[in-house]
């Protein structure tokens with residue numbers, strides 16, 4: 001599979017099928033493999049699917065920069081799509097990928113035909129509850145320090161335990177195979193890359209999403225956190241052509257936990273908005 005060689009990094013990507021292009025952006029600390037079920041489903045329906053690994057992740061790998069941001073990742077995506085001459089794709093992102101998609105859509109509204117934002121936040125300091133968690137209960141220095149202290153393997157186990165305690169088991173997911181997959185991706189990262197990615201998430205701020213003038217589908221799992229569900233409603237209130245769809249029997253990784261419902265949700269969105 002090819003690499004796009006840019007000015008500051010080489011991006012690993014895969015292209016499958018022909019037709020209307022759909023670019024999928026994975027979440028933090030994992031890779032393009034998150035989207036294999038969606039790729040197989042959409043290619044059979046006559047769409048072209050582009051999967052890639054965000055800077056610091058997967059086969060794209062680390063870079064020499066000392067700091068990452070969602071804006072940087074969106075800039076990478078712009079350079080990549082321009083470099084492979086991909087015209088007005090649909091952009092779909094989950095969690096961190098949804099943040100990148102929002103940033104990209106706000107910065108380059110004329111470069112997209114639609115957005116799909118899955119289980120994602122509008123900002124890490126949108127509500128009072130967000131700010132309480134961010135600045136009091138879970139400051140950046142604490143988590144980056146724990147990564148250095150524990151190492152990646154032990155810290156990854158701690159993160160999943162912490163999520164189950166604070167957000168309940170259903171948010172993490174009820175399928176142990178999915179949890180094992182996510183952990184297997186995360187432990188491949190170095191401490192420095194892990195923390196740079198965490199910083200990009202932590203520092204994510206509200207984008208001018210009111211500039212987005214294309215159809216937008218907001219997807220959340222039924223067991224997504226209350227904070228993210230609030231964010232989905234906020235995004236829906238700001239972007240004119242947006243609507244929310246809930247995936248039953250799914251938490252944060254809704255595309256993995258209920259792929260059939262997730263895939264049908266995307267396909268129905270394409271049919272309603274005439275994206276073919």
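At-a-glance table
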read-out: Residue-span extension gain [residue 192 to residue 179] - 0.36 nm each, minus C-alpha spacing; value: 2.4 nm
read-out: Projected label distance in nm at residue 210 and residue 16, using a 7 Å step from Cα toward the beta-carbon; value: 4.0
read-out: Value at 222 nm in deg cm²/dmol, rounded to 500, when DSSP H runs of n ≥ 4 in the chain each add -39,500 (n - 2.57); value: -13500 deg cm²/dmol
read-out: Convex hull volume per residue in cubic angstrom - Cα atoms of the stretch 180-276; value: 138
read-out: Inter-label distance, nm, simple model (7 Å from Cα along the C-beta direction), residue 67/residue 153; value: 3.3
read-out: Cβ crowding within 10 Å averaged over residues, with 114-125, 92-103, 36-47, 167-178 ranked highest first; value: 92-103, 114-125, 36-47, 167-178
read-out: Fewest-first sequence of 90, 23 by Cβ atoms within 10 Å of each Cβ; value: 23, 90
read-out: Ranking of 7, 182, 260 by count of other Cβ atoms within 10 Å, fewest first; value: 7, 260, 182
read-out: Sequence-separation-based contact order of the chain, relative, with Cα cut under 8 Å and 6+ spacing, percent; value: 20
read-out: Förster-model FRET efficiency, 22 Å R0, residue 88 and residue 241, C-beta, rounded to 0.05; value: 0.90
read-out: Along each principal axis, Cα extent of the stretch 1-93, largest first, Å; value: 42, 25, 23
read-out: C-alpha center-to-center spacing [the stretch 186-212, the stretch 1-74] in angstrom; value: 15
read-out: Hypothetical label at residue 271: residues of the stretch 12-51 whose amide nitrogen lies under 15 Å (7 Å Cα-Cβ projection); value: 42, 45-46
read-out: Potential lengthening between residue 160 and residue 222 on full extension [0.36 nm per residue; Cα-Cα distance subtracted]; value: 20.4 nm
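All of the numbers you see were taken from the coordinates with simple rules; none came from a lab. These figures come from a predicted structure and were not determined experimentally. Virtual Cβ from ideal backbone geometry, glycine too; neighbours counted across all protein chains shown.
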